[in-house]
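The values are calculated or read from the model by the stated rules, or taken from the named source; none is laboratory data. Because the structure is a prediction, the values reported are computed rather than measured. No Cβ is skipped: glycine too gets one built from the backbone with ideal geometry, and neighbour counts run over all protein chains shown. Accessible surface is based on the protein model in full, side chains and every heavy atom, while ligands, DNA and RNA are left aside. Shrake-Rupley method; radii C 1.70, N 1.55, O 1.52, S 1.80 Å.
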Amino acid sequence: MKIAIVGLGYVGLPLCLQFARNGVQVIGLDIDPAKVTSINAGRSYIEHIDSNAIRESVQNGSLTASADFGRVREVEAVIICVPTPLNKNREPDISYIIKTGEAIARHLQKGTLVVLESTTYPGTTDTDLREVLEAGSKLKAGEDFHLAFSPEREDPGNPDSKVARIPKVIGGLTPACLEKAKALYGKAIQTLVPVSSCRAAEATKLLENIFRSVNIALVNELKMVYGAMDIDIWEVINAAKTKPFGFMPFYPGPGLGGHCIPIDPFYLTWKAREYGQHTRFIELAGEVNTAMPEFVINRVAEALNAKQKAVKGSRVLLLGIAYKANVDDDRESPSYRLLDMLKNRGAHVAYYDPHVPVIRPTREHPHWAGTKSIEWKKDIVSGFDVVLISTAHKAVNYQELADWAQTIVDTRNAMVGCNVAAGKLWKA
Ligand SMILES: NC(=O)c1ccc[n+]([C@@H]2O[C@H](COP(=O)([O-])OP(=O)(O)OC[C@H]3O[C@@H](n4cnc5c(N)ncnc54)[C@H](O)[C@@H]3O)[C@@H](O)[C@H]2O)c1
């Protein structure tokens, strides 16, 4: 079997490797020539994906990368894993899906299966994508070609998150589309979860991410409420999670990050309006979560105040640019908001992140591009008035931080178990 996977990012690349390992011939398609060159040279550009795995698949001929969409003519199935961000007005931007659909449509052959994996609002596959595919190919979905939606459940940085073992939800445009999609994913994924339609599959992915967003907002709120009562939210969550049923732990933090949780819920909010529906839980969770950086900066100000210092003119070290621990992914990271807010208040800021030695250009925070991580040295770390922990990377020696830093503001409970001098540690 030969397939194409479009979009060789955090989702598409591991999927390519998973199919390639299972004897499927994979053509990885991307508009970014640097990614195409890297893959064909057997080089990974994602920290947690091993170059060896890519090299092996490329050398044994099961994986090749290309920017030539004409190669869609060669394959039985095309899987789309392109970005689905929000635009400036925080509305869904499905232009990447549409452009990909147009590029595929020109080369689409009868009998081909097209599967969308990008997270999006219900109706994208059977309406928006379907329309561009049909218009460009002059073929009819469900009759001449198959169409399905199957959401990705990648958890970057989690060693237990192996593509093959994560059950995969699939919805088809017709029962035959579903059968085709099941036959495809059955080659590489152990457990398939068929649902009745593309829309049900799209809605499933949104439920999963909204569930996280709402629960993170809940613990963020409780962090502030319990904090005012001098109760440590982390201790409370750790105790609560010993309950063997009916509880699932979520942890507070400095704000939402990553490509999914801060963005995906608003795909539903936008679509719901068309049906006269209001997503009040989603909006409230968004409000609480986006207020977190403000809360954290106020704690930094309190910590400095206790030392007769102002934010203005203070030297602040931010620990962790990546949005989550042990990865190099800085998309939507709240660390950028924290850096901006501190700088706007007159602080001198720097960062340390063992996974992000230099900040790459980003769409939202271009002014930080090129900034380099400080070196992890006692005389450097101790020179900052305060260290703000925004990501709890395992590669950081927190006892050294406890010994070296003047003041620490910890948003991740990273200092738990360390020996910290009294009055030095502030939780936020
Ligand atoms: N990263 C995650 O953990 C995760 C988890 C679940 C779902 N998702 C969803 O999966 C989708 C992809 O996310 P990602 O994290 O892999 O994004 P990414 O930015 O890492 O990768 C997207 C890739 O698509 C390529 N691309 C963009 N436009 C293209 C086009 N027109 N044709 C071909 N290639 C194009 C980009 O060059 C890039 O390589 C999104 O909808 C996201 O919400 C991501």
Any residue in region 227-249 that is touching a residue at least 12 places away in the same chain (Cβ under 8 Å) sitting within a Cβ distance under 6 Å of a residue that is part of a loop (DSSP other than H, G, I, E, B)? List the pairs, counting only those 6 or more apart or interchain. 233/252; 234/413; 237/249; 249/241
What single numbered condition from (1) modelled with pLDDT under 95; (2) open to solvent by 20 Å² or more (accessible area, probe 1.4 Å); (3) touching a His at 6+ places or on another chain (Cβ under 9 Å); (4) farther than 24 Å from residue 189 by Cβ fails to hold for residue 86? (3)
I'd like the full set of residues that are surrounded by 24 or more Cβ atoms within 10 Å (Cβ to Cβ) and not β-branched (Val, Ile, Thr), limited to region 353-369. 353
Whichever residue in region 225-263 is part of a loop (DSSP other than H, G, I, E, B) and in contact with a strand residue (DSSP E or B) (Cβ under 9 Å, 6 or more places away or on another chain) and, among such residues, is farthest from the ligand (Cβ to nearest atom): 232
Write out, first by first residue and then by second, each pair whose Cβ atoms fall under 8 Å of each other, whose residues are 6+ apart or on separate chains, and whose first residue, in region 105-128, is farther than 15 Å from residue 29 by Cα while the second is within 12 Å of the ligand (Cβ to nearest atom) and of a type in the set (Lys, Arg). 119/205
Please go through region 122-132 and give me each residue that is open to solvent by less than 10 Å² (accessible area, probe 1.4 Å) and within 13 Å of the ligand (Cβ to nearest atom), ordered by number. 124, 125, 129
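Let's see how each residue does on (1) of a type outside the set (Val, Ile, Thr); (2) closer than 26 Å to residue 354 by Cβ:
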position	(1), (2)
261	no, yes
274	yes, no
283	yes, no
286	yes, no
292	yes, yes
302	yes, no
Show me the helices (runs of 4 or more DSSP H) entirely contained within region 264-333 in which 2 or more residues are open to solvent by 60 Å² or more (accessible area, probe 1.4 Å) and of a type outside the set (D, E, K, R). 280-290, 292-305
Tell me the residue from 147, 178, 173, 139 that is farther than 21 Å from residue 98 by Cα and either more than 16 Å from the ligand (Cβ to nearest atom) or at pLDDT below 95 (or both), please. 178
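Conditions tested, residue by residue: (1) farther than 28 Å from residue 370 by Cα; (2) β-branched (Val, Ile, Thr); (3) touching a residue at least 12 places away in the same chain (Cβ under 8 Å).
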{"site": "282", "(1), (2), (3)": "yes, yes, yes"}
{"site": "307", "(1), (2), (3)": "yes, no, yes"}
{"site": "326", "(1), (2), (3)": "no, no, yes"}
{"site": "329", "(1), (2), (3)": "no, no, yes"}
{"site": "334", "(1), (2), (3)": "no, no, yes"}
Residues in region 103-114: is at least one surrounded by 18 or more Cβ atoms within 10 Å (Cβ to Cβ), of a type in the set (A, V, I, L, M), within 13 Å of the ligand (Cβ to nearest atom) and under 21 Å from residue 178 (Cβ atoms)? yes
Do the conditions hold for residue 90, that is, is it of a type in the set (Lys, Arg) and on the phi > 0 side of the Ramachandran plot? yes
Take the residues of region 1-58 that are closer than 24 Å to residue 357 by Cβ and of a type in the set (Val, Ile, Thr): which is farthest from the ligand (Cβ to nearest atom)? 54
What number goes with the only condition from (1) within 16 Å of the ligand (Cβ to nearest atom); (2) open to solvent by less than 40 Å² (accessible area, probe 1.4 Å); (3) over 18 Å from residue 263 (Cβ atoms) that residue 193 does not pass? (2)
Name the residue that is least open to solvent (accessible area, probe 1.4 Å), counting only residues in region 373-428 that are acidic (Asp, Glu) and either under 18 Å from residue 255 (Cβ atoms) or out of contact with any Ser or Thr (no Cβ under 6 Å at 6 or more places or on another chain) (or both). 410
